[in-house]
Amino acid sequence: MPQTRRQFLALAAKASALALVGAPLAGLLPQAARAARIGSASGPALLLPGASGLYGLLQPEGNLTLTVASVPGLLPATRASMLAYTARQGGALWYNPILVLHKGQEFRARLVNNLLEPTIIHWHGVDADWRQTGHPAYAAAPGQAYDYAFPVTNRAGTYWYHPHPHGLTAKQAYLGLASFFLVRDPEEEALSRELDLTLGVTDLPIVLQDKRFGPRGELVYAPSQDDLLMGYRGSEVLANGARQPTLSAATRIYRLRLLNGCTARLFNLAFLHRGRRLPFTLIGNDGGLLDAPRTLDQVFLAQGERVELLLDLRGLKPGQAVQLVNAAFDPMHNEGMPGMEGMAGMEGMAGMDMGGPDEGAAYPILRILVSRKEPYGRTIPARLSTLPGPSGSTSLGVTGSGPRRIELALDRQANRWTINGLSFDMNASPIVVERRAPEAWEFVNARESMPHPMHLHGYFFRVDARRGSPEQVRQRAVDPAGRLATDLGLKDTVLVWPGETVAVTPDFGRPDYPGEQTFLLHCHNLEHEDQGMMLNVRVL
Ligand code: C2O
Ligand code: CU
Ligand code: CU
């Protein structure tokens, strides 16, 4: 792929920055050495979700207590401390448990805040009343608790949970607070049987997060003014907490449930085998299984989004490996901003200081090493699931005046990103909708902008069309409406590129929450969100 002018400028800026500073060069060497070893050394093992421990599988029984605290030595990459949700059940201990629930089950949990600042849990993508899903108005003070109780009404899918106290979400998520909330149902379990997939063995939840480290391997969250504007990107990308880990695999199909848990990094994921892209099958997006599988060779995964993939390793021999990589793309930072051209360089320089991969550069994430043969004769079914149709009437549109426009743009005076020119105000609800039916919305990202992954709490939406997409997005369209494979099915987060208009229909008819609701609409670049790129959405 030819280098874009922007990438070239960033590289040039890095080179001169290095010449100027000199000193950080020493810090770069271990990094460079590590990069040179990629593909040869085996590295740490990918943390597989076990019966307890960090990211262990936990089927909650009764009332589950999740205690938020800093846990020394927990981060696999450096054995530094990280923040975690600690749970105990039947004598076992979990950190950031992967919660496994069945549709129809009652979920009861108590958050105990042992931090020195407020926190609250948001169940991202999970159907729950606004008081039950982490509106910052309900943040629990230090030493306080918050109780959750709701029936699990979602279809099967890969949902997740993370903090949502206003102004502190990015930091707390970055320092470790995030894990999966998996819902299972008969349809999904039938597919798992058909493909002989076992959660934790051949069906693997993997959270991707980037981190910056201090001299002793400790996690550093110290965003500069530029970071607050662009997002705080780490110097290394971790998979389930480890640096470039290895998954030892058999010659069969694996299901990977990938979550982008970064505050600000966008991925373009691909699998490389002998320098070539190995195609994979997309089977699920944010809101669970698609109706039919889609074969892809790369996929954008924005902050907050999830994809479920099937990776077929039957064509490999023991001893051969596949790399999950970020494939090069144009991150479109500062798109069309002549006045900010220098900032791409600044940002590149900061990334280089840390020895980290630029967002749009090619770099490895996870190595999958085929270590054994396994007879496996299953085939991926042509139909995966039946998606629910729209609820209620078909009256789309806002009181006959066309779709509701949601404009994303930089407020140059305040130097922050806004939604319809507004910043978050806890007591204001600039968007008021009526429950009952889907509404037509359009996310309109300014031409002079950067990509914003837009997320709505409480309801799923369908993506109907993309217009004005940049070339690297348009290339991937799977239908005449310009949608990508990652737009299919049900979505709670959608990436909106600079200059793009994305038409969506959030369905305010389902679920039917009791009483008035105040949900949130925000950018899942969590620095943007904490800086106020978020609005209340009142549901009457
Ligand atoms: Cu995952 Cu309001 O966010
Ligand atoms: Cu959410
Ligand atoms: Cu944003």
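The values are calculated or read from the model by the stated rules, or taken from the named source; none is laboratory data. Please read these numbers as outputs of a predicted model, since none were measured by experiment. Note that each Cβ is placed from the backbone with ideal geometry, even for glycine, and that neighbours are counted across all protein chains shown.
In region 459-472 there is at least one residue that is surrounded by 22 or more Cβ atoms within 10 Å (Cβ to Cβ), in contact with a Leu (Cβ under 6 Å, 6 or more places away or on another chain), at negative phi and among the hydrophobic types (A, V, I, L, M, F, W, C). Would you be able to tell me the number of residues in region 476-519 that are within 16 Å of ligand 3 (Cβ to nearest atom), farther than 15 Å from W441 by Cα and within 21 Å of the chain's Cα centre (by Cα)? Looking only at that region, the number is 2.
So that you can scan it fast, the table gives a plain yes or no per residue for (1) more than 16 Å from ligand 2 (Cβ to nearest atom); (2) without any contact (Cβ under 8 Å) to a residue 60 or more places away in the chain:
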residue: L408; (1), (2): yes, no
residue: R435; (1), (2): yes, no
residue: N445; (1), (2): yes, yes
residue: D492; (1), (2): no, no
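Evaluated against (1) farther than 30 Å from H273 by Cβ; (2) modelled with pLDDT of 95 or more; (3) away from ligand 1 (no atom under 16 Å from the Cβ), L366 falls short on exactly one condition, (1). Where strands (runs of 3 or more DSSP E) fall entirely within region 434-485, those with at least 1 residues that are β-branched (V, I, T) are at 441-445, 461-467. I'd like the full set of residues that are within 16 Å of ligand 1 (Cβ to nearest atom) and within 13 Å of R467 (Cα to Cα), limited to region 437-454. If the condition is that a residue be within 16 Å of ligand 1 (Cβ to nearest atom) and within 13 Å of R467 (Cα to Cα), then F443 is the only one that fits. Could you tell me whether any residue of region 476-484 is modelled with pLDDT of 95 or more and touching a His at 6+ places or on another chain (Cβ under 9 Å)? There is no residue in region 476-484 that is modelled with pLDDT of 95 or more and touching a His at 6+ places or on another chain (Cβ under 9 Å).
Could you tell me whether P430 is within 16 Å of ligand 2 (Cβ to nearest atom) and closer than 21 Å to H122 by Cβ? If you could, list the steps in order and put the result at the bottom.
Details: within 16 Å of ligand 2 (Cβ to nearest atom): no; closer than 21 Å to H122 by Cβ: yes.
For P430, the condition - within 16 Å of ligand 2 (Cβ to nearest atom) and closer than 21 Å to H122 by Cβ - is not met.
For the condition under 21 Å from the mean Cα position of the chain (by Cα), within 13 Å of ligand 1 (Cβ to nearest atom) and surrounded by fewer than 22 Cβ atoms within 10 Å (Cβ to Cβ), what is the one hit in H124, H166?
On the way: H124 fails: surrounded by fewer than 22 Cβ atoms within 10 Å (Cβ to Cβ).
After ruling out the rest, the residue left standing is H166.
Tallying residues that are in a strand (DSSP E or B) and surrounded by fewer than 23 Cβ atoms within 10 Å (Cβ to Cβ) within region 287-298 yields 7. Within region 278-310, the set of residues being charged (D, E, K, R), under 17 Å from A327 (Cβ atoms) and in contact (Cβ under 8 Å) with a residue 40 or more places away in the chain comprises just one member, E305.
Of all residues in region 505-537 being assigned to a strand (DSSP E or B) and more than 16 Å from ligand 1 (Cβ to nearest atom), which is surrounded by the fewest Cβ atoms within 10 Å (Cβ to Cβ)? Looking at the filtered set, the residue picked out is T505. Remark: pairs (first residue in region 451-466, farther than 17 Å from G482 by Cα and hydrophobic (A, V, I, L, M, F, W, C); second residue within 16 Å of ligand 1 (Cβ to nearest atom) and in a loop (DSSP other than H, G, I, E, B); Cβ separation under 7 Å; 6+ apart in sequence or on different chains) = L456/D492; F460/G287; F460/L490; F460/D492.
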